[in-house]
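This report refers to the structure that appears directly beneath it.
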Amino acid sequence: MQLVVARIGRAHGIKGEVTVEVRTDEPELRLGPGAVLATDPASVGPLTIETGRVHSGRLLLRFEGVRDRTGAEALRNTLLIAEVDPEELPEDPDEYYDHQLMDLDVVTKDGTEIGRITEISHLPSQDLFIVERPDGSEVMIPFVEEIVTEIDLEEQRAVIDPPPGLIDDRAEIASARDAETTAEGEPAPEGKA
């Protein structure tokens, strides 16, 4: 199975290094020296990682045969693709690879069908499930323990306990400001407390 593990960004310096946008939870495994990666577009690769290092919080890679800024810049926006055994599992039992989560049915604790996972977005603060609903609309569900209560790979489903307003438009008013009154005892004008 092929998985996108990174996207090449800008050239860094003049010796062929590039920045990469990491798209894997295991960069040390997938993007280590000696790793041979397929590419999209395929005509650019395969690429073999020669060196890798972190600089100012960003991963920098150098590929065999790329020795200058011009060669590095030519790789910009190329996707790096690793071959992964579909039976391979993360070491931590509470972690999942994206391919394990794709197409899972999403249901609430009471069994209400929400949709199916069509994409997983990796953001700096958390991951999001992009869920396609039966009507074709999409909803984003944070992949956090408080909301996604169970992942059942055998049943091919993710069970969620969404807070009010995440799935529907009936959000509860949780702000204390909405109940405050002005000094004269009259309700505060909307938007002002």
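The values are calculated or read from the model by the stated rules, or taken from the named source; none is laboratory data. For clarity, every value in this text was computed on a predicted model and none was experimentally measured. Glycine gets a Cβ as well: all are built from the backbone with ideal geometry, and neighbour counts include every protein chain shown. These area figures cover heavy atoms from the full protein model, side chains too; ligands, DNA and RNA do not enter into them. Shrake-Rupley method; radii C 1.70, N 1.55, O 1.52, S 1.80 Å.
Within the range 1-17, residues that are under 8 Å from A72 (Cβ atoms) reach partners that are in a strand (DSSP E or B) with beta carbons closer than 6 Å, at six or more positions or on different chains, in the pairs A11/V18; H12/T19; H12/L60; G16/R62; E17/L60; E17/R62.
For the range 125-145, does any single residue satisfy the condition of being of a type in the set (S, T, N, Q), at negative phi and open to solvent by 70 Å² or more (accessible area, probe 1.4 Å)? Looking for residues that are of a type in the set (S, T, N, Q), at negative phi and open to solvent by 70 Å² or more (accessible area, probe 1.4 Å), one finds at least one in the range 125-145, hence yes. Looking across the range 57-86, just one residue is surrounded by 15 or more Cβ atoms within 10 Å (Cβ to Cβ), small (G, A, S) and touching a helix residue (DSSP H, G or I) at 6+ places or on another chain (Cβ under 9 Å), and that is A82. Taking the range 151-164 as the range and being of a type outside the set (A, V, I, L, M) and either at pLDDT below 90 or outside any strand (DSSP E or B) (or both) as the test, the residues that pass are D152, E154, E155, Q156, D161, P162, P163, P164. When you look at E88, is it modelled with pLDDT of 90 or more and out of contact with any Cys (no Cβ under 9 Å at 6 or more places or on another chain), yes or no? Here the answer is no, as E88 does not meet what is asked.
On the stretch given as the range 4-20, residues that are open to solvent by less than 10 Å² (accessible area, probe 1.4 Å) and under 13 Å from L37 (Cα atoms) total 3.
Taking each residue of the range 114-133 that is free of Cβ contacts under 8 Å to residues at least 40 places away in the same chain and looking for partners that are among the basic types (K, R) and surrounded by 17 or more Cβ atoms within 10 Å (Cβ to Cβ) with beta-carbon atoms closer than 7 Å, six or more apart or interchain, yields V131/R116; E132/R116.
Residues in the range 35-48 that are out of contact with any Ser or Thr (no Cβ under 9 Å at 6 or more places or on another chain) and at pLDDT below 90: A38, A42, S43.
As a summary of the residue check, T118 satisfies the conditions (1) surrounded by 18 or more Cβ atoms within 10 Å (Cβ to Cβ); (2) under 20 Å from the mean Cα position of the chain (by Cα) except for the one numbered (1).
Selection over the range 21-50 of residues that are in contact with an Asp or Glu (Cβ under 8 Å, 6 or more places away or on another chain) and open to solvent by 40 Å² or more (accessible area, probe 1.4 Å) gives a count of 3. Only one of V107, V148, V54 is of a type in the set (A, V, I, L, M, F, W, C), modelled with pLDDT of 85 or more, over 22 Å from L3 (Cα atoms) and open to solvent by 80 Å² or more (accessible area, probe 1.4 Å); which? Exactly one residue qualifies, and that residue is V54. Scanning the range 109-124 for residues that are in a strand (DSSP E or B) and either at positive phi or not small (G, A, S) (or both) returns E113, I114, G115, R116, I117, T118, E119, I120, H122.
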